[in-house]
Protein chains: 2
Amino acid sequence: MIKRMGDSTVMFSIMPRIVSYASVVGKKEADGPLKDDFDKISYDMHMGQDTWEKAESQLQKEVLSLALEKANKNAGDIDFLFAGDLLNQCISSSYGLKDFSIPYLGQYGACSTMVQGLIMASVMVSSGASHLSACITSSHFCSAERQYRFPLDYGGQRPQSSQWTVTGAGCCILSDTKSEGLPMVKTATVGRIVDLGVTDQNNMGAAMAPAAADTLLRYFRDTSSSPSDYDMIYTGDLGKIGSELLYELLSKEGVDIKGRHKDCGVMIFNDEDMDVHSGGSGCGCCSSVLCGHILKNVSSGNLKNILVMATGALLSPTSIQQSETIPSIAHLVNIVI
Amino acid sequence: MIKRMGDSTVMFSIMPRIVSYASVVGKKEADGPLKDDFDKISYDMHMGQDTWEKAESQLQKEVLSLALEKANKNAGDIDFLFAGDLLNQCISSSYGLKDFSIPYLGQYGACSTMVQGLIMASVMVSSGASHLSACITSSHFCSAERQYRFPLDYGGQRPQSSQWTVTGAGCCILSDTKSEGLPMVKTATVGRIVDLGVTDQNNMGAAMAPAAADTLLRYFRDTSSSPSDYDMIYTGDLGKIGSELLYELLSKEGVDIKGRHKDCGVMIFNDEDMDVHSGGSGCGCCSSVLCGHILKNVSSGNLKNILVMATGALLSPTSIQQSETIPSIAHLVNIVI
């Protein structure tokens, strides 16, 4: 059963357990500081496929297979699969996951999709609709770059505010088991679309920070809690610029998360020598860091009570060409052990 | 609370009530046989906007406003909004709905999105996570045509197997009220991705029929029911060709739905004089017919127990250019009064 808390937070009276998680990344991510946290590294950016899109589908296929293997489960054991990605019509997910024959619910929240999927899978498990549900997202630098920006061979110069799309995927399997010692989803806040009028698609952090602030403030209000109640607050891919803007927006409301905040986009690369500018981005950024680094630290007991909030910019190349502003969203989950 | 039935069907022990529904369509749809069922007709294909994409966003805005008005509710009363569309990165939904500030969960199931949203909203309401949730989808002939096929001015000839994207939108508001006499969602089956190798993007009916058969057969098995238990079985946009293929696939399993089946894509246009070939399609096809014609007939008591199954082709122009096959999906709900 699920209960409402305040305006837009839900509490899972029966807390879904994260019984398995897995991550797969590309070679650039393996050069970063989190290398040892990922389950699998693909040094071939094509992942043995003949297009970038199929390479990204392959990431999803591999990460689901790994998560199933770790849980000692088969595809047939999973009741519902929530997945999504950045490609037009979310084809990395549909083509990557079709052979598993799992009842499938496509999600689209841009780079916030991992937490959106986690919320939906938690709702299914906690409500009694499912014993086991999974969520997956991915991104691939090459498929994203050519769809959103320029042909890869063009080699355009990237502004300092831009972010680097992570090549990676993450998968969580949630269960209604009562086993102790597993990470659990306790509460969740669904984001609203926030648009403060940013139009620079090379500064996604600026576009997404207001949505992150909106969700986080609503969460603290709904749950009557404050930053010091949590071991760490992770954001998805605000990057360096977006994180600074989030601090600024929160400080206006008297909230300070600086000492206990990390951004997956900042964590995954070493900016000094990796030329990623403001940090990593893409659906695969939050999902690979969550299912690599973060959940490992929860499982080991290093972190006992955390917030994970993934942010997404809901633009498209078409909307940018039409001079539209960039609406954004942020979804949040509280994970405890 | 929600219970599982068989492999992939869920039963809502607390049945969500559809307290309000609304539909908006374009001028061609208003020339069809269902004209009087729609709440609003826009004879201006631009809906007062300067791009087709913004016109489609306008459809979503109007249909949500209408549904809220009919329910005598404000946007602030809605806990969760599930929406999606066919445009890249689902921009009709994100741009159309951002000003309502409702916690938002973007869905992507191509033309199956309306029923996917209905299932997700039902789960939220039945589980206690929400008092009121809404779902919306839309499509627009002009925004879809130029994204998926040709520039509008090109005037290419359409093969007889092709379908015509409906300009329209539909919205349902679901509630945990116990009021009598309202349409209720009783059970739902989430579709699996099915791909029998069809590659012709001008024959979506053929690509989607196997997914429709898969979901319908699983539903009948999970619920131990048969076609004669229902007043009518509606499909989303299989069109004439897809419907015939569905009959053929079902007959191999000894199931006959012919006498009690209608397809929204066939119902919405008069093919004889409207040049739509195999019928209507698009997310707005099932949603406008459901929220126009079908639910009116349920509310009036003409139909007491129906199945609504929307089908979606999970391709993209990129996947077609890369000679991929077309994976499809079909989601189903049982609506009773």
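Here, each number is a calculation from the coordinates, and none is a lab measurement. What you see is a predicted model, and the numbers here were worked out from it, not measured in a lab. Positions of Cβ are backbone-derived with ideal geometry, glycine not excepted, and every protein chain shown enters the neighbour counts.
Copy-to-copy label distances for B:D31, where each label lies 7 Å from Cα along Cα-to-Cβ, are 5.9 nm in order of increasing length. Each Lys and Arg contributes +1 and each Asp and Glu -1, all at the Cβ; summed about the Cα centre of the protein assembly as shown, the dipole is approximately 1560 debye. By the Cα gyration tensor, the protein assembly as shown has an equivalent ellipsoid whose semi-axes, rounded to whole angstrom, run 36, 27, 24 from largest to smallest. Computed on region A:184-336, with alpha-carbon pairs under 8 angstrom and 6+ residues apart, the relative contact order is 38 percent. Dividing the mean sequence gap of close Cα pairs (under 8 Å, 6+ apart) by how many residues region A:2-175 holds gives a relative contact order of 30 percent. Residue exposure proxy: A:D50, A:D31, A:D237, ordered by other Cβ atoms within 10 angstrom of their Cβ from fewest to most, comes out as A:D50, A:D31, A:D237. Placing a label point 7 Å from the Cα of A:Y247 along the Cα-to-Cβ direction, no residue of region A:302-337 has a backbone N closer than 13 Å. The dipole here belongs to region A:184-336: it is taken about the Cα centre, uses +1 on the Cβ of Lys and Arg and -1 on the Cβ of Asp and Glu, and is about 640 debye. Among A:K258, B:K98, the order by Cβ neighbours within 10 angstrom, fewest to most, reads A:K258, B:K98. Placing a label point 7 Å from Cα along the Cα-to-Cβ axis, B:D273 is separated from the same position in the other copies by 7.6 nm, shortest listed first.
Comment: the Cα-to-Cβ extended label point of B:N202, at 7 Å, lies 4.2 nm from its counterparts in the other copies, nearest first.
By the Cα gyration tensor, region B:16-175 has an equivalent ellipsoid whose semi-axes, rounded to whole angstrom, run 28, 16, 14 from largest to smallest. In this simple spin-label model, placing a label point 7 Å from the Cα along the Cα-to-Cβ direction at both B:L196 and B:S225 gives a separation of 2.5 nm. The modelled label-to-label distance between A:Q322 and A:M274, using points 7 Å beyond Cα along the C-beta direction, is 3.6 nm.
Running Debye on region B:225-337 with equal point scatterers at the Cα sites and no solvent, what base-10 log of I(q)/I(0) appears at q = 0.11, 0.13, 0.18, 0.20 Å⁻¹? With no solvent term, the Cα-only Debye profile gives -0.39, -0.54, -0.98, -1.15. Placing unit charges on each Cβ (+1 for Lys and Arg, -1 for Asp and Glu) gives the protein assembly as shown a dipole about its Cα centre, and among B:T167, B:S65, A:G254 the Cα reaching farthest toward its positive end belongs to A:G254.
Identify, among B:M208, B:M184, B:G32, the residue whose Cα sits farthest towards the positive end of the charge dipole of chain B, taking +1 on the Cβ of Lys and Arg and -1 on the Cβ of Asp and Glu, with the dipole about the Cα centre. In chain B, that residue is B:M184. Rg and Dmax, both from the Cα atoms of region B:1-97 and both in Å, are 16.5, 49.
Taking label positions 7 Å along the Cα-Cβ direction at both B:S179 and A:M5, the computed distance is 3.1 nm, reported to one decimal. Sorted ascending by nearby beta carbons within 10 Å, beginning with the fewest, B:M204, B:M45 become B:M45, B:M204.
Placing +1 on the Cβ of every Lys and Arg and -1 on the Cβ of every Asp and Glu, with no other charges, gives chain B a dipole of roughly 820 debye about its Cα centre.
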